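Participant: Got a structure for you, written out below as structure tokens; questions coming shortly.
The values are calculated or read from the model by the stated rules, or taken from the named source; none is laboratory data. Fair warning: this is a prediction, and the values are worked out from it, not measured in the lab. Cβ placement follows ideal geometry from the backbone for every residue including glycine, while neighbour counts extend to all protein chains displayed. Please note that ligands, DNA and RNA were not included when accessible areas were found on the heavy atoms of the full protein model with its side chains. Shrake-Rupley method; radii C 1.70, N 1.55, O 1.52, S 1.80 Å.
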Amino acid sequence: MTEEKTRAFRKEPLEKQEADKGEYIDPKLAQALLEAQKQITHAVKNAKNPHFKSAYASIESVIEAIKEPLNDNGITFLQVPYHVPGYQCVETVFILAENGAVFRAGKTSVACKDQTPQSYGSSLTYARRYSLGTSCVLKTEEDDDANKAQSSNNTTKPPVNKGI
């Protein structure tokens with residue numbers, strides 16, 4: 001089926017199809033995101049990791065940091081989970097209330113330690129936090145120039161994107 005026929009079959013304007021692929025963003029939504037981003041500062045490190053004895057911004061802190069600036073500019077967000085065996089995958093989606101324009105920020109996957117509800121719940125929270133924080137360019141931690149990642153003995157390979 002040609003692109004023209006596909007577009008006619010889907011009954012969607014080209015702009016909507018491009019937006020679904022991340023190649024187009026509604027100008028009103030882009031402006032609202034810009035205004036929200038000017039207001040977003042940082043998430044408070046309000047939680048402690050007992051194993052590594054480090055502080056981090058909880059999902060509640062991340063939401064608290066971004067929700068009001070987004071909402072004040074007419075933007076709502078939702079987080080869509082996707083099934084990926086052994087991982088929790090989340091995509092943050094921004095919607096402009098004025099006209100329903102949508103921006104999909106891309107999917108974030110976090111590996112599950114094992115196949116227990118606790119592991120899946122923990123991985124889902126991590127995925128939500130990372131997806132939302134990254135999508136809003138939210139500062140939550142000090143930049144160590146990847147020193148911790150470089151010195152890690154972690155040999156886990158990142159998941160292969162299988163068209164998810």
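Participant: When the solvent-accessible surface of protein heavy atoms is calculated with a 1.4 angstrom probe, in what order do K45, K139 fall, highest first?
Facilitator: Result, largest first: K139, K45.
Participant: Let me ask you something else. List the chymotrypsin sites (Phe, Trp or Tyr not before Pro) in the stretch 48-133 that DSSP assigns to loop (not H, G, I, E or B) and whose Cβ has at most 14 other Cβ atoms within 10 Å. Which are they?
Facilitator: Listed in order of number, the matching sites are F52.
Participant: Further, regarding this structure: What is the extension gain from K139 to N71, computed as 0.36 nm multiplied by their sequence separation minus the C-alpha to C-alpha distance, in nm to one decimal?
Facilitator: Result: 22.6 nm gained on full extension.
Participant: First select every other residue whose beta carbon is under 11 angstrom from the beta carbon of I59; then total the charges, Lys and Arg +1, Asp and Glu -1.
Facilitator: Here the count lands on 0.
Participant: How far apart, in nanometres, would the label points at L78 and Y56 be if each is projected 7 angstrom from Cα along the Cα-to-Cβ direction?
Facilitator: 2.7
Participant: What distance in nm separates the two pseudo spin-label positions at K38 and Y120, each 7 Å out from Cα along the beta-carbon direction?
Facilitator: Going by the 7 Å Cα→Cβ label model, 4.4 nm.
Participant: Just add up the charged neighbours of P69: K/R +1, D/E -1, any other residue whose Cβ is under 14 Å from the Cβ of P69.
Facilitator: -1
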